[in-house]
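Working notes for the structure below.
The values are calculated or read from the model by the stated rules, or taken from the named source; none is laboratory data. A quick note: this is a predicted structure, and the numbers were derived from the prediction, not measured. Don't worry about glycine lacking a Cβ; one is built from the backbone with ideal geometry, like all the others, and counts go over all protein chains shown. Each accessible area value is taken on the protein alone, full model and side chains, heavy atoms only, with ligands, DNA and RNA left out. Shrake-Rupley method; radii C 1.70, N 1.55, O 1.52, S 1.80 Å.
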Amino acid sequence: MFFDIGPLELVAIVVLAVLVFGPDKLPKVIQDTMNFIRKIREFSDSAKEDIRRELGPEFKDFEFEDLNPKTFIKKNLMSDSDMDELGLKDIRNGFDFRKEMAEVTDAVNGVEPASAANGSSGAAGSSSGVPGPTSGGGSSATPDRLRKKDGLEPGEAPPFDSDAT
């Protein structure tokens, strides 16, 4: 009920309430607040019952939590039997997000993929013009993208930063 409120924060709220409302009015404020919350819950429950009654007997097991898209998908579409029937389990287990993002990054930066670079690691490291992650600046299959280049190659366009313009 107290989501992310710790004991020290709860004590601070109580002290603040005593300072704002005073010790003599605080019990009345708490009682009024509790009555207000109770009335809201009663109103919500009666509205839910009215909706269930209007929907009819075929929706007697209807839960309002099912209207949340995450809950609906988990309950109706993502059960293990449905995933096996549709083959979604193989797709979900076979998808490696980090590998896919590395491939996209390599394609954007014009770097050969790691599988193709393994056969020609010396050529890939020297043709990119960017020293590898080693401290000596030796060639490597994957260049260090965090290190800035010393200069531009002849005929190479300067880098463009869309956020800076």
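Of 44, 81, which residue is of a type in the set (Ser, Thr, Tyr), part of a helix (DSSP H, G or I) and modelled with pLDDT of 80 or more?
The unique qualifying residue is 44.
Those residues that are modelled with pLDDT of 80 or more and either under 30 Å from residue 14 (Cα atoms) or surrounded by 10 or more Cβ atoms within 10 Å (Cβ to Cβ) (or both), I need them from region 47-60; list them, please.
Those that are modelled with pLDDT of 80 or more and either under 30 Å from residue 14 (Cα atoms) or surrounded by 10 or more Cβ atoms within 10 Å (Cβ to Cβ) (or both): 47, 48, 49, 50, 51, 52, 53, 55.
Quick grid of which residues meet (1) open to solvent by 90 Å² or more (accessible area, probe 1.4 Å); (2) modelled with pLDDT under 65; (3) in a helix (DSSP H, G or I); (4) among the hydroxyl-bearing types (Ser, Thr, Tyr):
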position	(1), (2), (3), (4)
108	yes, no, yes, no
125	no, yes, yes, no
132	no, yes, no, no
148	yes, no, no, no
164	no, no, no, no
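So residue 62 ticks every box in (1) within 34 Å of the chain's Cα centre (by Cα); (2) part of a helix (DSSP H, G or I); (3) among the aromatic types (Phe, Trp, Tyr) but one. Which box is left unticked?
Checking residue 62 against (1) within 34 Å of the chain's Cα centre (by Cα); (2) part of a helix (DSSP H, G or I); (3) among the aromatic types (Phe, Trp, Tyr), the one that fails is (2).
Go through region 61-78 and report how many residues are loosely packed, with under 11 Cβ neighbours inside 10 Å and at pLDDT below 75.
So the count comes out to 1.
Residues to consider are 29, 18; find the one that is open to solvent by less than 80 Å² (accessible area, probe 1.4 Å), out of contact with any Phe, Trp or Tyr (no Cβ under 6 Å at 6 or more places or on another chain) and modelled with pLDDT of 80 or more.
None of the others qualify; the one that does is 18.
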